[in-house]
Amino acid sequence: MNPEIGQYALVLALALAILQTVLPIWGARVGDAALMRTGPALAIGFFGFVALSFAVLTAAYVQSDFSVLNVVENSHSLKPMLYKITGVWGNHEGSMLLWVLVLAIFGALVAVFGSNLPASLKANVLGVQGSIGVAFLLFILLTSNPFTRVVPPPAEGQDLNPILQDIGLAIHPPLLYLGYVGFSVTFAFAVAALLDGRIDAAWARWVRPWALAAWAFLTVGIAMGSYWAYYELGWGGWWFWDPVENASLMPWFAGTALIHSAVVMEKRDALKVWTILLAILAFSLSLLGTFLVRSGVLTSVHAFATDPSRGVFILCILIFFIGGSLALYAFRAPMLRQGGIFAPISREGALVLNNLLLTAAAAAVLIGTLFPLALEAWNGAKITVGPPYFNLTVGALMLPVVFAMPFGPLLAWKRGDLAGAAQRLMLAFGAGIVIAAICLYAQGGGPALAPLGMGLAAFIVLGAVVDIAERAGIGRVPAASAIARLKGLPRAAWGAAIAHAGVGICLFGIIAETSWNAERITGVKLGESFTVGGYELTLARVEPRNGPNYRDLAGIFTIRRGGVEIGTVESSKRVFLARNMPTTEAGIRTFWFSQLYVSLGDELPGGGIGVRAYWKPLVTLIWLGSVVMALGGVLSLSDRRLRVGAPKPAKKPKVVPTPAPVAAE
Amino acid sequence: MSLWIAITLMTGAAILAVLWPLRVRRGASAEPAGNEVASEPALADLAVYRDQLAEIERDRASGLIGAAEGEAARTEVARRILRASAEAEGAVGAGGNADRRRRVAAVAGLVGIPLIAGSLYIALGSPGYGPQPLAARLEARPEQSDIAILIRKVESHLEANPQDGRGYEIIAPIYARIGRLDDAARAWSNAIRLLGSTPQRQTGLGEALIAQAGGVVTTDAKAAFAAALAADPKDPKARYFLGLAAEQDGQPQQAAAIWSQLAADTPADAPWLGLVQQALARVGAPVPAPAAGPSAAEVAAAGDLSPEQRQQMVRGMVDRLSARLAQNGDDLDGWLRLMRAWTVLGEADKAKAAVSDARTHFARDDGALGRIDALARELGLGS
C-alpha cells in the first residue's frame, strides 16, 4: 500500500478530531441534538482513519518498504514476520501511533456502546476524547511523523533493537496501552460530568465498566512486562523499580482506588468528589508515564528514541490536560451535592481506607521517581532512589491494605460490624497461622518475616473464599439453597472475590521469591557441575547455532535432583547480525510454580564460561496472581448489571432518540 | 494517479461523518430539537435507579440482604428517583437557532476538513513518491533499479558465490563512493585474495583504508601502496599516498622528493597534477613546471631551447605518441592526451583524425566513447 495514503489518513484523522472536540461539546452546551449526534459519527470516522493509517504503516513494515524512514530504522528484510509486525510499535513513532489507535478504539467503543448514556454526557465524553486525540496527533505529525520518506530508499533496514525481538513485544505494549489509554475514557467521563455539572450515582455505573476494563488491561500489561523483563534481561529480577515501571504502577494504584470508590458512589451516592478526582488522577498519571518514557528525561530500556523537543511538546500536553482538568475540578467540585453518609466502620469506610492507602502508595512512587529528576534539575546532583526506598514505603502502605482486604467485603454498607466480620474470618485467620507455622518449621531459620507473609497470603486467599461462602450462606442455610444462592450471586461479587484471591496468590509468589530465592554465580567448563537450590546442573555441551538474523552460542545443562537426571535447560548468548549486538537468552525450567533460571555469561579467560543460576520458589505465582486479578476484573465487567440502564424505548418512543439497545441484553 | 482518487474518496468519507448526523430527520422535526435532549439525562438516570431497585428486590428475595436492609436501600434509591423525576419535569428546552448551527457545522465539515488535511498534507507528504516494497524493487530490471538494489543484488550473488573475485572488484569502488568504507576495504581484499594483486586493486584497498582512518595513511594502507608500487613503480596513486605517508610520519623532505619525482613524471593534463602540486607547496618544495608527458631529462633540456626548438621537441613527442597509438591503440588516456596535444599545437585536422581513430578503436566500449566525445566537445572538435 502507498505510504502516502497512511500519511493522508493521519492528517484527516486530525481534522476529524478537531471537529470532534468542538461540535459535540458545543451541541451539549446549547442542547442541540444534531450537533451532539456528530460526536459518535466523528469518533467512528476518527477510528477508521487512524486504523487505516496504522494498517498502512504495518503494510510498509511487512513489505519492507524502505522508502519509509521509520521502516529503515527499525526493520530488516530477514526479520521473522512476527517481529516485522511488532516492530511497528517497537519504536517511538510507531508506539505513539499505537497509543492514538487505542485512544480511537476506546472512542469508537463509547460511540457504539454508549447508547444508554444521556446524549449530553456522551457528547461531552466524546469531545474530551477528541481533544486528547488532537493533542497526540499534533505531537505525532509535528515531531514524530512515522511516514517520513527517504529518497533514495536503501536496500536494507537497520533492524529492530534485539532486546525487543521477542514475543513480549507483541503482548506487553498493546496491553499496557489498552490500560493506560483506557483511563482516558474515565478521565473524559469525569471532565464531561464537570462540564455538565451533573454527577450522580448513575454516572458511577456508566464509568465502572470502562474503569474495570482499563484496570484489567493495565494489570495484565504490567505483569507481562514484568515477566518479559524477567526472562529477557537475564538478571532473574522481576521488578526493578525502574522509573518506567513506576510510571505504569502509579496509574495502576490510582485505577485500583478508582474502581473501588466508584462502587461506593454507585451504591451510596457518596465519595463523588473523590471519585471524580481519582478518574482525573489515573489518566494524569498515565500521561505522566507517557511523558517520562517519551521525553528522554529518563534513560531506560524503554526510551528507544529520545529527543528534547518532543519532551517539551509532551510537557505542554501534560500541563494542558492535567492543569486544565484540575482547574475545572477546583471550580466545579464545591458545587457538587454530597451524597449518603456512613459510619467509619462500614463497607464505605473500608473502601475509603483502601483508597487513602493506595493513593498514598501512588504518591510514594511518584516522589521516588520524580525527586531525583527534580533534584538534578535544581542543583545538578545525581542521586538514585533505589529499591530500599520503594520496598519500604510501598510495602508499609500495602501491608494494611492487604490485611484489611478480607474484612471489607464482609462489612455491611453504612454501618458495619467489625467484630462479626472478624469472627467470620476466624477460619481463614487460623489457616493463615497454620501456614505460617509450617513455613517457619520448614525454613528452619532464615528471614523471620517470611512465614508471616506466607500466612498473610493464605489469609487473603481464604478470606476471599469466606466472602463467597458467607454470601451463599454456607453453613447457615440448607445445602441445596446454598448452592442455589451461589449460582445466583452476581458476577461482580465473584469478580471481586477472585480479584482479591489473585492479590493473595501474587503475594505468595512475592514473599517466597524474595525470601527463599537461591543464587549461584560461577564459572564452569564442559562437564563440570554446580548446585543451586537443591538442583545439580552440569554443563553438557556448548553448541553454535544460526537463526534467521542472529547467531547463538547455546550452553546445554543437564539437571539432576538427588542424583537422578530430570531434564535439561538451555541458555544462550545471542548476537544479532545487523546491529552486532549481544543479548542473553535465559534458560528457564518450571517445576510446579517454581522455576530454575540459568543465564549464560561471558567466556572466561581460563577456558569455561560464566553462569548465573537461580532457584526461584513459587515465582510464577507473581504473574499468575496478576492474571487472576485481571480475570476477576473481566468477570465483574461481564456482570449484566453494568450493561443495563438504557431508557426503555417502548414507553416514550418520541422522547428518546436512537434507542439502539446494543449494550442492553 | 490512484493516490489522488484515494485522497478524494477519503476526504469525502470524512466530510460525510460530519454531514450525515446533521441531516434533518423527517419524523423528529415536529419535536423541538432542544426539548428531547435536555430531559434525557434525567431519564437515563431513572433507568439506572429503577434497575437498582430491581436488584435490591432480587437480593432480598434470594436472602442476600435482610428485609430491614432492603427497605433502607429502597428508600435511598427511591429518593434518588424522586429527584431525577423532578429534574426531568423541570427541564427546559434550549432550542432556537438550530438551523444556523447546523449550517455552521456543515460548513466546518465541508471547508474545514479539506483545508486542515490538505494544508498539513502539503507540508508533510510526498505525493509523487510511490510505494517501494522491497520485493518489487528486487524484481525490477537492472536498468530500472536504484544503486542500493544493484549493490544488494551483487551482495546476495557474492553470498552465494563467495569465490567470485570479479564481483568483489566491481562492487569495491561503488562501496567506496557511497561511503561504505569497511565494506569497500573488505571487497578489495577479497578481490586481491581471489584474483591476485594488481596496482589498481592495491591502491583501491589503500584508499579505502585511508578514508576509513579519516585520512591517516595507516600501516596497512602503506603496505597496500608498497605492493602496488612493487608491481608498477610508476603508479601515480601509490606514489602520491606514499608521499602523504612520509609527510604524516614527519618526513617532509622525503615526501617532497617523492612528490617532485611524481610531478615530473606526470603529464600536464593529468587530473591529479593539481593535487600533487598543492602537496608540494604544502611541504615547501619547489613546484616543477608541468610536463606534457616527456621524461624529466627532456623537460630539463627543454628549458635551454629556443621557442622554435621547444615547439619542435613537443611535436616530436606528440608524433611519438601518435605512432605508439597507431601500433597499439588500447591506451585510452593516450588517445585523449593526443587529442588535447594536437589541439594545443593548432593542428585541428590531426586532432579530429585522432578523435575518429579513437572512436573506431573503442567502437564497442560505451564508457570510452563517452569520454572521447566529451573531450572532443570540450576541445571544440565536433563529434
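Values as computed for the structure displayed
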read-out	value
Boolean, residue A:539 is in contact with a strand residue (DSSP E or B) (Cβ under 9 Å, 6 or more places away or on another chain), away from chain B (no Cβ under 14 Å) and crowded, with 20+ Cβ neighbours inside 10 Å	yes
Matching residues in region A:387-403 - criterion: being within 16 Å of residue A:359 (Cα to Cα) and surrounded by 14 or more Cβ atoms within 10 Å (Cβ to Cβ)	A:390, A:393, A:394, A:397, A:398, A:401, A:402
Sole exception among (1) surrounded by fewer than 16 Cβ atoms within 10 Å (Cβ to Cβ); (2) under 25 Å from residue A:163 (Cα atoms) for residue A:596, by number	(1)
Test result for residue A:309, among the polar types (S, T, N, Q), more than 25 Å from the chain's Cα centre (by Cα), modelled with pLDDT under 85 and on the phi < 0 side of the Ramachandran plot	yes
Residues satisfying the stated conditions in region A:364-381, i.e. among the aliphatic types (A, V, I, L, M) and either within 11 Å of residue A:246 (Cβ to Cβ) or out of contact with any Leu (no Cβ under 7 Å at 6 or more places or on another chain) (or both)	A:364, A:365, A:366, A:367, A:370, A:373, A:374, A:375, A:377
Criterion (in contact (Cβ under 8 Å) with a residue 24 or more places away in the chain and within 20 Å of residue A:398 (Cβ to Cβ)) met by exactly one of A:273, A:264, A:244, A:220	A:220
Residue match in region A:390-413 (condition: farther than 22 Å from residue A:255 by Cβ and β-branched (Val, Ile, Thr))	no
Any chance residue A:75 is surrounded by 24 or more Cβ atoms within 10 Å (Cβ to Cβ), more than 27 Å from residue B:5 (Cβ to Cβ) and within 14 Å of another protein chain (Cβ to nearest Cβ)	yes
Residue that is buried (at least 22 other Cβ atoms within 10 Å of the Cβ) and either in a helix (DSSP H, G or I) or facing chain B (nearest Cβ under 8 Å) (or both), where the choices are A:51, A:60, A:55	A:60
Of all residues making up region B:276-325, the number that are β-branched (Val, Ile, Thr), at pLDDT below 65 and closer than 26 Å to residue B:247 by Cα	0
Hey, residue B:249 among the charged types (D, E, K, R), within 21 Å of residue B:279 (Cβ to Cβ), out of contact with any Asp or Glu (no Cβ under 9 Å at 6 or more places or on another chain) and modelled with pLDDT under 90 or not	yes
Contacts under 8 angstrom Cβ, first residue in region A:411-433 being at positive phi, partner of a type outside the set (Val, Ile, Thr) and assigned to a loop (DSSP other than H, G, I, E, B), 6 or more apart	A:414/A:340; A:414/A:342; A:414/A:343; A:414/A:346
Meets criteria (within 14 Å of another protein chain (Cβ to nearest Cβ) and at pLDDT below 85) for residue A:269	yes
Strands (runs of 3 or more DSSP E) lying entirely in region A:493-599 (those with 1 or more residues that are of a type in the set (Asp, Glu))	A:518-524, A:535-546, A:550-561, A:564-576, A:581-585
Region B:134-164, subset away from chain A (no Cβ under 13 Å) and surrounded by 16 or more Cβ atoms within 10 Å (Cβ to Cβ), residue nearest to residue A:78 (Cα to Cα)	B:158
Answer residue from region A:14-35, given it is more than 7 Å from every other protein chain (Cβ to nearest Cβ) and of a type in the set (A, V, I, L, M, F, W, C) and is surrounded by the most Cβ atoms within 10 Å (Cβ to Cβ) among those	A:17
Region A:477-512, residues that are of a type in the set (Val, Ile, Thr) and modelled with pLDDT of 95 or more	A:498, A:503, A:505
Any hit, region A:84-93, residues being facing another protein chain (nearest Cβ under 9 Å), within 29 Å of residue A:129 (Cβ to Cβ), crowded, with 20+ Cβ neighbours inside 10 Å and of a type outside the set (Ser, Thr, Tyr)	no
Among (1) more than 7 Å from every other protein chain (Cβ to nearest Cβ); (2) within 26 Å of residue B:127 (Cα to Cα); (3) part of a helix (DSSP H, G or I) - the single one residue A:11 does not satisfy	(1)
Residue match in region B:59-72 (condition: at pLDDT 80 or above and out of contact with any strand residue (DSSP E or B) (no Cβ under 9 Å at 6 or more places or on another chain))	yes
Number of the condition not met by residue A:2 [criteria: (1) over 22 Å from residue B:23 (Cα atoms); (2) more than 7 Å from every other protein chain (Cβ to nearest Cβ)]	(2)
Number of the exception - residue A:360 against (1) surrounded by fewer than 13 Cβ atoms within 10 Å (Cβ to Cβ); (2) modelled with pLDDT of 90 or more	(1)
Cβ-Cβ under 6 Å pairs, at least 6 apart or on other chains, region A:144-168 side more than 13 Å from chain B (Cβ to nearest Cβ), far side modelled with pLDDT of 85 or more and assigned to a loop (DSSP other than H, G, I, E, B)	A:159/A:76; A:160/A:87; A:160/A:90; A:164/A:90
Some residue of region B:122-132 being modelled with pLDDT of 90 or more and more than 28 Å from the chain's Cα centre (by Cα)	no
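The values are calculated or read from the model by the stated rules, or taken from the named source; none is laboratory data. As the structure is a prediction and not an experimental result, all values here were calculated from the model. Note that we place each Cβ from the backbone using ideal geometry, even for glycine, and neighbour counts take in every protein chain shown.
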